[in-house]
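Enquirer: The structure follows.
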Amino acid sequence: MTRLLGTYYILLKRFGEQNWWPADSEFEVVIGAILTQSTSWKNVEKAIRNLKKKDVLNPEALYKIDVKNLSGLIRPAGYHNAKARKLKEFINYLHKNYEGNLSLMFQVPAENLRNELLSIWGIGPETADSIMLYAAGKPVFVVDAYTKRIFSRHGFVDGDIDYYGLKDFSEKNLPKDARVLNEFHALLVRLGKEHCRKTKPVCIGCPLEKQCKNKKTKISRKK
């Protein structure tokens, strides 16, 4: 067992299963992954509720809706004009290449699917990997700010590692199991929010306190 996988089991024992990504369908996961760029999940939930109220949270309805009306519905998620365009770009690609069928798109092998997603305007590496893992069920690891912060503070990687370096390290040291990769990422987000914060980390009670190799960050002993 690698040290990284051992860390996964430590976090799982402490926090339990996170049941992430919260959504009623794979399509909702995709929409959420695009909307969550540069905003909190709480704001994304508001935008998704608006889409559901108008009964447009499906490929056909989002394909037909005017971009201006779409922008208004997703306003709570921030950057609503840009995100409306991003959603339309994805939907247009889905209709042009897969007749609006998300399941058909997800039958594409992981490497090819990732390249396709990255070719769509507005979808970057983190969003593409989130869609692949949480919606398509592909065994890829999602890298975000929490991952980089926690892994560097606990001595897994250097703090200047880039997205692909961290992704490669993680996937080499974890099983190619979408369920494990899904759960581990969610557990890291939980740890990052409750303990391994960007400023004033809370180390007392952290399940990884003994592993922490960070010497420069000022440690807070109080919540």
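Since every read-out is calculated from the coordinates, none of them should be taken as a lab result. Because the structure is a prediction, the values reported are computed rather than measured. Ideal geometry is used to build each Cβ from the backbone, glycine not excepted, and the neighbour counts take in all protein chains shown.
Enquirer: Which of Ile204, Ile65 comes first, and how do the rest follow, when ranked by fewest Cβ neighbours within 10 Å? Could the numbers behind the result be given before it?
Expert: Details: Ile204 11, Ile65 19.
So the ranking, lowest neighbour count to highest, is Ile204, Ile65.
Enquirer: May I ask which of Lys13/Lys193; Lys13/Lys52; Lys53/Lys176 have a Cα-Cα span longer than 27 Å here?
Expert: Details: Lys13/Lys193 17 Å; Lys13/Lys52 35 Å; Lys53/Lys176 38 Å.
Result: Lys13/Lys52; Lys53/Lys176 exceed 27 Å.
Enquirer: Would you mind ranking Thr39, Thr2, Thr127 so that the residue whose beta carbon has the fewest other beta carbons within 10 Å leads the list? If you can, show how the numbers build up before the last one.
Expert: Values: Thr39 16, Thr2 12, Thr127 22.
Listing Thr39, Thr2, Thr127 from fewest to most nearby Cβ atoms yields Thr2, Thr39, Thr127.
Enquirer: Taking R0 as 25 Å, what FRET efficiency do you get between Trp41 and Glu99 from their Cβ-Cβ distance, rounded to the nearest 0.05? Display every interim value, and only then the final one.
Expert: Values: r = 31 Å, r/R0 = 1.23.
Efficiency computed from Cβ-Cβ geometry: 0.20.
Enquirer: Moving on. Please compute, over every Cα-Cα pair in the chain, the percentage with a separation greater than 31 angstrom. Before the final figure, lay out each step's value.
Expert: Working: 6344 of 24753 pairs.
That tail contains 26 percent of the Cα-Cα pairs.
Enquirer: Now, a different point. Using a 7 Å offset from the Cα along the Cα-to-Cβ direction at both Arg197 and Asp177, what is the distance between the two label points in nm, to one decimal?
Expert: My value for the distance between the label points is 3.3 nm.
Enquirer: Taking a ≥ b ≥ c as the square roots of the eigenvalues of the Cα gyration tensor of the range 1-119, is the shape rounded (a/c under 1.5), prolate (a/b larger than b/c) or oblate?
Expert: Values: a/c = 2.30, a/b = 1.45, b/c = 1.58.
Oblate, because a/c is 1.5 or more while a/b does not exceed b/c.
Enquirer: Okay, next question. Using label points projected 7 Å from each Cα along Cα→Cβ, tell me how many nm separate Ser25 and Asp168, to one decimal.
Expert: 3.9 nm
Enquirer: Holding the Cα-Cα limit at 19 Å, pick out from Lys46/Lys83; Lys148/Lys200; Lys148/Lys172 the pairs that are longer than that.
Expert: On the way: Lys46/Lys83 14 Å; Lys148/Lys200 17 Å; Lys148/Lys172 16 Å.
Exceeds cut-off: none, every pair is within range.
Enquirer: Length gain on complete extension for the stretch Trp121 to Glu89, per 0.36 nm per residue less the alpha carbon to alpha carbon distance? Can you show the working numbers first?
Expert: Values: separation 32, 0.36 × 32 = 11.52 nm, distance 0.64 nm.
Length gained between Trp121 and Glu89: 10.9 nm.
Enquirer: Same structure again: Take the chain, mark every one of the GluC sites (Glu not before Pro) that falls in a DSSP loop and has at most 12 other Cβ within 10 Å, then report the longest stretch left between them, sites excluded.
Expert: 100-223
Enquirer: Could you please state, rounded to a whole Å, how far the C-alpha centre of the range 101-151 is from the C-alpha centre of the range 7-50?
Expert: So the separation of the two Cα centres works out to 14 Å.
Enquirer: Per residue of the range 133-142, in order, report the coupling 6.51 cos²θ - 1.76 cosθ + 1.60 (Karplus, θ = phi - 60°) as ³J(HN,Hα) in whole Hz, putting x for Gly and Pro.
Expert: After applying 6.51 cos²θ - 1.76 cosθ + 1.60, I find 6, 7, 9, 8, x, 7, x, 10, 9, 8 Hz.
Enquirer: Let me ask you something else. Averaged across orientations, what area in nm² does the convex hull of the alpha carbons in the range 75-122 project? Mind showing how you got there, number by number?
Expert: Values: hull surface 14.4 nm².
Orientation-averaged projected area of the Cα hull: 3.6 nm².
Enquirer: Exactly which trypsin sites (Lys or Arg not before Pro) in the range 55-152 are in a DSSP loop and have at most 12 other Cβ atoms within 10 Å? Let's see the in-between values first.
Expert: Working: sites: Lys64, Lys68, Lys83, Arg85, Lys86, Lys88, Lys96, Arg114, Lys148, Arg149; in loops: none.
Those that pass, being in a loop and sparsely packed, number zero.
Enquirer: In whole Å, what three semi-axes, largest first, describe the equivalent ellipsoid of the range 67-153 built from its Cα gyration tensor (square root of 5 times each eigenvalue)? Please report the intermediate quantities before stating the final value.
Expert: On the way: eigenvalues 111, 83, 18 Å².
Sorted largest first and rounded, they come to 24, 20, 9 Å.
Enquirer: With contacts defined as alpha carbon pairs under 8 Å and 6 or more residues apart, what's the relative contact order of the chain in percent?
Expert: 21 percent
Enquirer: Right, another one. Karplus couplings for the range 201-208 from phi (6.51 cos²θ - 1.76 cosθ + 1.60, θ = phi - 60°), rounded to Hz, Gly and Pro as x?
Expert: In residue order, the calculated couplings are x, 9, 8, 5, x, 6, x, 10 Hz.
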